[in-house]
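Chemist: Can you read through this structure? Questions will come right after.
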Amino acid sequence: MNVENIIKIEHLRAIYKISKTSGINALDDINIEMKKGQIIGIAGESGSGKTSLLKVLTHSFPPSMEIKGNVSINLQDKSINLLKLSDSQIQSLCWKVWSYVPQAAMNSLNPMAKIKDIFWETLESHDKTINSYELEKQIENAFEKVGLSKKFLNFYSNRLSGGMRQRVIILLATISRPNIIYLDEPTTGLDLVTQRDVIQLLQSIHNELNNTFILVTHDISIHAQIADLVHVMYKGQIIESALTNEIFHNPLHPYTKNLINSVPIIGEHRGKIEPGIKILSTEMSAQGCKFKDRCQFAMPQCDKYVYTYRLNDHEVKCNLYESH
Amino acid sequence: MIMKLNVICMSHTKEVKEMENLLEIINVSKQFRSGLYLGTNFKAVDNVSFNLENGEILLLVGESGCGKTTLSNLILGILKPSSGFIKYKGKITSKFRRNEKRSFIREVQPIFQDPYSTFNPFVRIDYYFEEVCSNFGITRSKSEIEQKINEVLNQVKIDTEIKGKFVHQFSGGQIQRLSIARALLANPSLLIADEAVTMIDASLRVGILNILSDLNKLLNLAILFITHDLSVGYYMVELSERTKTVVMYRGTIVEEATGENLFLNPLHPYTRQLIESVPSVDPNKKWHSAMKHAVLELEEFNLKGCKYSKRCPFAMKICEEKEPNLFSVEHSRVRCWLYSDTVDKSIALNKLKKNQ
Amino acid sequence: MVKYLVEKTVFLILTLLIGLTMIFIISRSTPIHPIDTLMQQLSAYGAQLTQQQYNSIKDTYLKLYGLNQPVISQYFSFLAGIFSGDFGPSFSAFPTPVMSLIERALPWTVGLLLTALIISWILGNLAGLLAGFFDKSNISKFFQGLFVVLSPVPYPIIALLLILFFVFMIPSFPIMGGTALNIKVNFSLSSVLSILEHAFLPALSIVISSLAGWFLTMRSLVMSIKSEDFIEFAKLRGLKKRKIIFSYVMRNVMSPQITALALNIGFIFNGALVTEYLFSYPGLGTLMYRAILTGDMNTLVGVASLSVIGITLATFIVELMIPIIDPTIRQER
């Protein structure tokens, strides 16, 4: 057991069952080892499986989802087999070992509860012994540090703007100092200025807590700004993984290249950006590379198998590198 | 006789000159009331004026709460302005006669943010398109309708069969292109795209932006492109020939410029901050400074002076007292005291030089 | 704030005025003049009158009831009467003032309906809350089915079935009256027991009939809110189920139910005509029924006015209550 790896995912498969015999493949043989203390970026668009991956990791998958494989969380003193936990074990571990910042923070706060009560109930459900006065002081300090006024604690969430609610939810996730924080599209739906604010906030929290962040977002410029390494997902698979600098300066997979090129850069005249991906309405591929139907470099062997190319920490699933 | 002819000629030229401005927003304000018992009034749109010419792309940029959605609702006629007017092809929209209103509804087509919620999930797409055609009375015969539908599908680069299919069978990017196709069926003069690509995956966005730019060039179609994402806005400006960019903050226009000028040479401190806040796709270019934190939105709306003064790093005393006028600077117009000839801004200018 | 209150109070007064005026107009527009009915009753008692005697008795009656005055002054004395709580004397129970008839009947109606309303509200909402939250469980599905079948059953059928079972087949409850005939209404134990015994079946019939409504609306409210993001997030934070059910789900759906409760309290003043008829319960409903049968205009006007006042006041109070129920609106400035 390598203590440096806080999360180890082995051969993870997830299927949404539609009927007894058929289902949709949400995750297809995912293998990741996540190192402690890093900000790990998961990049993927709709249908890539990133949402399902988070659902597995936070143990909030619906009963219709069939999961195979192994996910283990390795802490200093113990190792947790995530998929075999019972509901009550999950309830006691969440917000201590891991916490979660959901997508659409706009609607994630109870509209009928004051902000301070939301903090109180979250922490109290995990630790009955906390002192309410100390807690209030702690929350007030945290609020001030991120530029939220103390008086917000007595507000109901409808008085806060989207960006402020997002910051409150981030604070909610970090106040118990968990080992892992999962972030699901923390900047989507926010305008540029608020987005920058949130990113800088996350960076400073990470510097302070020195724990592990798993950041899932389809916006790759966010990964460029804050992630230490990036895994790119497509149709339930991880098609490329590398350190941030490496993946942005030397992307290998055609899909990754397209993602990076799709971001217009102010001041740079690149002219018309061609999508570079063939656009289809229904995409079906059972065998071989999942991307072949959209790939402009598709070769006959892509129907049968996919080659995994590794160089140092950079890994990519693409037949273009078979000869390397 | 000759005098009469002259008069007719003059009025015709005047008409043509006025027609160049497709849409004119003249001192438009919209006031709302917030709260049940203790209501406060605030102006979601405060004395906004700009023109959109035929075949021009106007980029309206601003963060959430700046008034851009309210403004688009005012233009579409969903809301009525509290003061000021909106002129379409020289005629005031609130004073339209019935047939003028009908033409307006046909010629000004919206494209909304959420592709899924703008189509009736129970209606088949092809049937839907046929209905749109016959509603607007564009074409009558079945074959002409089919021809028109094929033409617009081609223009939005959808090559798959839509016959018999429902909305949920398409992806988000495709539905947004179908929204554009639907708008095109009406032979519009102006498209109002309100955050049209915000909910679309990044890798599919560029395709839609390309289509919009092509339509603008091909059909001389004017577009009011509303977005909070500057890089998307820049791409549209870069691709197109005649563009204008307007930046809004808390209901007022803070900067306005043609072409790429606003992006390459931003004048207003807010515009600068927006451009700086665009996350770079190069990991080596990270943000340096931290920003001042936002104050409660509603308070900013009712500030006496410049609405940005609470967040502006260069705020001077006059900024808090009096709202700045719109000053002309080279290719741009800025609403900022830093660009006035009469105000003493030595301290602020020093700060500006240090930041550059 | 003040503006809002003033606005609502003005509406209150306007609504009352219009409602009461309409009652007045309708009562004065009946084709059969109540005095004629009275005169007919006299002859039904076998009185033989000459034309002169007939006219002088009629005049006396008209003067007594103030019906010889022009309509406008009748109207104003009617309004004045409302302020002082005087509806004039009853026609059929002369000289008893209508107000005392109402005072006698009111506690029975209010006691019965209020209790039944509150019980069915609490039970229905609680059951609906749990059924909606645990909507996949078999118990929930059973109750859903039960109440769906029960809700279209007309109230008289439920009441009559109860009477059939518990009065005739298994004689356990009395059939009529507010108390047993020989018991005086006071706070003594025997009196209270007798009241309860007589109120049980009518209250039960109302509870059964209205339970379905509260249950079904609450359940569907809960089911629609269950999928909201903040409920999902609460589960992910490991909050206990009980906390989620009460602090999260219930608090967010209670508002329409509380509003409905307040409005229903207003409707109590309508009286429960069918219930009181079937169970011979001495409340406002019975009073109104008898007044209709005997052509007792003053009593009818009195009870109807009370109803209008009750419902209008209840609506007014509900509008004032909204910011109390929903604290988020209170704070918005």
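Taken together, the values in this text are just the output of simple stated rules run on the coordinates, not laboratory data. All of these numbers come straight from a predicted model, not from anything done at the bench. In this analysis, Cβ positions are derived from the backbone assuming ideal geometry, glycine residues included, and neighbour counts consider all displayed protein chains.
Chemist: Taking a ≥ b ≥ c as the square roots of the Cα gyration tensor eigenvalues, with a/c under 1.5 meaning rounded and otherwise prolate when a/b beats b/c, else oblate, which class fits the protein assembly as shown?
Modeler: prolate
Chemist: Using a 10 Å cut-off around each Cβ, can you sort A:TYR321, C:TYR248 from fewest to most neighbouring Cβ atoms?
Modeler: The order, fewest Cβ neighbours first, is A:TYR321, C:TYR248.
Chemist: Moving to a separate point now. Just to be sure I understand: of the beta bridges DSSP finds with both ends in chain B, what percent are antiparallel, rounded to 5?
Modeler: 60
Chemist: Quick check: net charge around C:LEU239, other residues with Cβ under 11 Å of its Cβ, Lys/Arg +1 and Asp/Glu -1?
Modeler: Computed value for this residue: +4.
Chemist: For the stretch B:67-105 and the stretch A:234-278, what is the centre-to-centre distance using only Cα atoms, to the nearest Å?
Modeler: 42
Chemist: To continue, here is another question. Quick one: grab the alpha carbon gyration tensor of the stretch C:35-77, order the square roots of its eigenvalues as a ≥ b ≥ c, and give me rounded if a/c is under 1.5, else prolate or oblate depending on whether a/b is larger than b/c.
Modeler: prolate
Chemist: Now a separate question. Mind checking the angle between helix A:162-174 and chain A's longest principal axis? C-alpha axes, 0 to 90 degrees, to the nearest 10.
Modeler: The answer is roughly 80 degrees.
Chemist: Right, another one. Cut-off is 10 Å between beta-carbons; in what order do A:VAL101, C:VAL71, C:VAL2 appear when sorted fewest neighbours first?
Modeler: C:VAL2, C:VAL71, A:VAL101
Chemist: For the stretch A:1-75 and the stretch A:149-171, write down the distance between their C-alpha centroids in whole Å.
Modeler: The stretch A:1-75 and the stretch A:149-171 have Cα centres spaced 31 Å from each other.
Chemist: Pull up all non-local amide H partners of A:SER48: gap of 5 or more, or a different chain, and H-to-H distance under 5 Å with H placed in the peptide plane.
Modeler: The answer is A:LYS235.
Chemist: Turning to a different aspect of this structure: B:GLU20 to A:MET299: FRET efficiency via 1/(1 + (r/R0)^6), r the Cβ-Cβ distance, R0 56 Å, to the nearest 0.05?
Modeler: 0.55
Chemist: For the stretch C:299-316, take each phi angle, set θ = phi - 60°, evaluate the Karplus expression 6.51 cos²θ - 1.76 cosθ + 1.60, and give the result in whole Hz per residue in order, putting x for glycine and proline.
Modeler: 5, 4, 4, x, 5, 5, 4, 4, 4, 4, 4, x, 5, 4, 4, 4, 4, 4
Chemist: Follow-up question, since we're still on this one. Could you check the simple spin-label distance between C:SER151 and A:TYR133, using points 7 Å along Cα→Cβ, in nm with one decimal?
Modeler: 5.2
Chemist: Taking H placed 1.01 Å from N in the peptide plane, check which residues at least 5 places from B:SER64 or on another chain put their amide H under 5 Å from its amide H.
Modeler: Result for B:SER64 returns A:ASP191.
Chemist: Next question, about the same structure. What are the trypsin sites (Lys or Arg not before Pro) within the stretch B:43-125 that DSSP puts in a loop, where the Cβ has at most 16 other Cβ atoms within 10 Å?
Modeler: B:ARG97, B:ARG124
Chemist: Looking only at C:GLY132, C:GLY213, C:GLY46, which one moves most when chain C is put into a Gaussian network model with springs between Cα atoms under 10 Å?
Modeler: Largest GNM mean-square fluctuation: C:GLY46.
Chemist: Let me ask something else. Per the helix-only calculation at 222 nm, which mean residue ellipticity applies to the protein assembly as shown, given -39500 (n - 2.57) for every DSSP H run of n ≥ 4 and division by its residues, nearest 500 deg cm²/dmol?
Modeler: -14500 deg cm²/dmol
Chemist: Can you give me the C-alpha center-to-center distance between the stretch A:191-231 and the stretch C:231-260, rounded to a whole angstrom?
Modeler: Their Cα centres are 32 Å away from one another.
Chemist: Further question on the same structure: Out of all DSSP beta bridges with both ends in the protein assembly as shown, state the antiparallel percent to the nearest 5.
Modeler: Close to 60 percent.
Chemist: Which FRET efficiency value, to the nearest 0.05, do you get for B:ASN265 and B:ASN325 by plugging their Cβ-Cβ distance into 1/(1 + (r/R0)^6) with R0 = 22 Å?
Modeler: For R0 = 22 Å, the calculated efficiency reads 0.60.
Chemist: Something else now. B:THR70: net charge of surrounding residues, Cβ under 13 Å, Lys/Arg +1, Asp/Glu -1, itself excluded?
Modeler: Net local charge, B:THR70 excluded: +3.
Chemist: Still on this structure, please answer the following. Can you tally the net charge around B:PHE112? Count Lys and Arg as +1, Asp and Glu as -1, for every other residue whose Cβ sits under 12 Å from the Cβ of B:PHE112.
Modeler: So the surrounding residues net to -2.
Chemist: Using a 10 angstrom cutoff on alpha carbons, build the Gaussian network for chain A and name the most mobile of A:LEU311, A:LEU209, A:LEU27.
Modeler: Its mean-square fluctuation being the largest, the pick is A:LEU311.
Chemist: Label points 7 Å out from Cα along the Cβ direction at B:GLN31 and A:SER204: separation in nm?
Modeler: Spacing of the two 7 Å Cα→Cβ label points: 3.9 nm.
Chemist: What FRET efficiency comes out for A:SER64 versus B:ASN47 if R0 is 45 angstrom and r is the Cβ-Cβ distance? Round to the nearest 0.05.
Modeler: 0.25
Chemist: Under a 10 Å cutoff between Cα atoms, tell me which one of B:ASN99, B:ASN284, B:ASN51 has the largest fluctuation in the Gaussian network model of chain B.
Modeler: Of B:ASN99, B:ASN284, B:ASN51, the most mobile in the Gaussian network model is B:ASN284.
Chemist: Residue by residue through the stretch C:8-13, which ³J(HN,Hα) values in whole Hz follow from phi under the Karplus form 6.51 cos²θ - 1.76 cosθ + 1.60 (θ = phi - 60°), with glycine and proline marked x?
Modeler: Rounded to whole hertz, the list is 5, 5, 4, 4, 4, 5.
Chemist: Please work out whether the stretch A:30-75 counts as rounded, prolate or oblate from its C-alpha gyration tensor, where a ≥ b ≥ c are the square roots of the eigenvalues and a/c under 1.5 means rounded, while otherwise a/b larger than b/c means prolate and anything else oblate?
Modeler: oblate
Chemist: Next question, about the same structure. Taking the 0 to 90 degree range and rounding to the nearest ten, how far is the long axis of helix A:192-209 tilted relative to the main principal axis of chain A, both from C-alpha atoms?
Modeler: That works out to roughly 80 degrees.
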